[in-house]
1. Might you let me know whether region 168-180 holds any residue that is open to solvent by 50 Å² or more (accessible area, probe 1.4 Å), without any contact (Cβ under 8 Å) to a residue 40 or more places away in the chain and part of a helix (DSSP H, G or I)?
2. Considering only region 314-347, state which residues are under 21 Å from PRO240 (Cβ atoms), in contact with a strand residue (DSSP E or B) (Cβ under 9 Å, 6 or more places away or on another chain) and surrounded by fewer than 18 Cβ atoms within 10 Å (Cβ to Cβ).
3. Give ILE100, ILE124 a once-over and let me know the one that is under 21 Å from ARG81 (Cβ atoms) and buried (at least 20 other Cβ atoms within 10 Å of the Cβ).
4. Out of everything in region 300-314 that is under 16 Å from ASP338 (Cβ atoms) and in a loop (DSSP other than H, G, I, E, B), what residue ends up being modelled with the lowest pLDDT?
5. Could you check region 1-77 for helices (runs of 4 or more DSSP H) lying wholly inside it with 1 or more residues that are of a type in the set (Ser, Thr, Tyr) and more than 26 Å from the chain's Cα centre (by Cα)?
6. Give the residue, chosen from ILE61, ILE44, ILE65, that is closer than 23 Å to THR199 by Cβ, buried (at least 18 other Cβ atoms within 10 Å of the Cβ), in contact (Cβ under 8 Å) with a residue 24 or more places away in the chain and in contact with a Pro (Cβ under 8 Å, 6 or more places away or on another chain).
7. Answer yes or no: is there a residue in region 68-83 that is of a type in the set (Asp, Glu) and touching a Phe, Trp or Tyr at 6+ places or on another chain (Cβ under 8 Å).
8. Output the number of the condition that LEU135 fails; it satisfies all remaining conditions of (1) open to solvent by less than 30 Å² (accessible area, probe 1.4 Å); (2) touching a Lys or Arg at 6+ places or on another chain (Cβ under 7 Å); (3) over 13 Å from LEU74 (Cα atoms); (4) not hydroxyl-bearing (Ser, Thr, Tyr).
Amino acid sequence: MNLFTETSLSPDILKAIGELGYESPTEIQKQTIPFILSDIRDLIALAQTGTGKTAAFSLPILDMIDDTSRKIQLLVLCPTRELCLQISKDIKNYSKYMNIKTTAVYGGSSIVEQMRSLKEKPQIIVGTPGRVIDLINRKALDFSAIHWLVLDEADEMLSMGFKDELETILSETPETKQTFLFSATMNKEVERISKNYLTKPHRISVGSINEVKKNITHEYYVVGYRQKKEALKRLIDANPNQYSIIFCRTRMETQEVADFLMQNGYAADALHGDLSQAQRDTVMKKFRLKNIDILVATDVAARGLDVNSLTHVIHFSLPDDPEVFVHRSGRTGRAGKDGISMALIKPEESRKLKQIKSATKIEIHERFIPTGDQIIKAQVGGVFEKLFTEHEDLFEFDDSLIPDLSNFTKEELVHQLLQFQLKDLALYYKDKHDLVEQKLSSRDDDYSRRDRGRDRDRDRGRDRDRDRGERRDRDRGGKPRRKDENMVRFFFNLGKKDHLKKLDVLDIINKATAGGKTKKRAEIGDIEILEKFSFFEVEKSFKDNVLSNIQSMKFKGKDMRAEVAN
């Protein structure tokens, strides 16, 4: 029985979603669809990614849209190109039997092609804030007649620095519209946007904002930084047949981990902001098709990647925000399946782990890095799991092709096949020492200042040059650098070896921050040039200018990249 029939949706919509296999509404759909169909108030809906939000807002709006009008009636704003394309695809599927046109507009693709598509007079626009602003400025988009505005993943749009863009777009829409804000979290910025641009909104919350799925097992493994990649390899080998995402903190760390895995023969690849759009599309397509089974990604890059069959999520580095930990982990354990979330914890990260446990109420169980014997045992189990569960691509052998095996017992044949299958892995672990058991430090003093600084820098993909620089400063009697709350500190990928000087850095910063909304020049703080990279400080209000502009510039023919240094 299709329980969507109880929602009073039109037959055309019910037919389309029936063909997609939709049978029973999710909790967010049960609460949202009747509200939008019958109420004119604005709405704040709090629900995690993967709960069916797109259908929750689009199905009732499709039911009410005027398909005889060629004006834009619905605008959906979302943070990433990938999510934009996914929402657009879903809405097109839902409106398959309706005379409704949907157009997606996003960065990284030809704006001319998108402007040409807009001339076909779509009733629905799904877009990312930056591209929508571009099209408004080119007079290619007119939102004066929209009835509905959806802010999807509003928390993520704000965390990515789209506050000004959102407010500009909202000012271009009529006051009479109905606004729906969907978010996984309700932070201060989301609260401010809702107070300023929503009118007495109704609230729907599916479970707790930090709700943890009960079908996910949470584990953590304590390991020193030097052994982190080897520990990761052991976790992958001890969990055969996995389909997983490994989350890292920075783009640099993401690429390093992916390179390590690929060099060790794993079907893995990286997804981060330094990739071109074509490269990102290729990686995501390979992962969805399971041509690769391990994706190493940053949190932002993985947005919009909607995969329901992940078996594992691995936190190579812990996030600072407990809600991000829940968000990451929630990518596994979908569609009623069990999932496993595994975190690699450095010994001095006890405080951060306690914060995550306290804020999320998650039971995270300590486990120990598997030994070689445990890994081989798990691999044997993995061979048989694959053998007895994957039958689709098995080749039907004619009995005449199989040689006479009567001289072998069943046990002997199994033993020989396993030897053949697992020989290389068994030889790898045969002479390997098991990783030393680590303990979480209850006090930061258990680690020296030098060790903490070294591990922290290595964790962000830096090399030893910074440690040398810091020791040199101490030898000269330098005082610890005090953090200025009005400044943002950046890591910069060029240094002395690139013949970089302070005057060069000043010139680069001035060019990157020129032409902003204000005419004033950015205030520049400390500049620290080391052998292979550098650090500099810039006034906080110019952070987005630095991040977006430096990557398109070159210094003496070399690509430049800046990241916020934590």
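The values are calculated or read from the model by the stated rules, or taken from the named source; none is laboratory data. None of these values were measured; they are calculated from a predicted model. Because the Cβ atoms are built from the backbone with ideal geometry, glycine has one as well, and the counts that use them run over all protein chains shown. With ligands, DNA and RNA removed, areas are computed over all heavy atoms of the protein, side chains included. Shrake-Rupley method; radii C 1.70, N 1.55, O 1.52, S 1.80 Å.
1. Of region 168-180, the ones open to solvent by 50 Å² or more (accessible area, probe 1.4 Å) are 168, 171-172, 175-176.
Next, only the ones that are without any contact (Cβ under 8 Å) to a residue 40 or more places away in the chain stay: 168, 171-172, 175-176.
Add one more test, that the residue is part of a helix (DSSP H, G or I), and what stays is 168, 171.
Checking region 168-180: at least one residue is open to solvent by 50 Å² or more (accessible area, probe 1.4 Å), without any contact (Cβ under 8 Å) to a residue 40 or more places away in the chain and part of a helix (DSSP H, G or I).
2. Of everything in region 314-347, just one residue is under 21 Å from PRO240 (Cβ atoms), in contact with a strand residue (DSSP E or B) (Cβ under 9 Å, 6 or more places away or on another chain) and surrounded by fewer than 18 Cβ atoms within 10 Å (Cβ to Cβ), namely ASP338.
3. Answer to the check: ILE124.
4. Restricting to residues being under 16 Å from ASP338 (Cβ atoms) and in a loop (DSSP other than H, G, I, E, B), the top hit is ASN308.
5. Those helices (runs of 4 or more DSSP H) span 27-38.
6. ILE44
7. no
8. For LEU135, the exception is condition (2).
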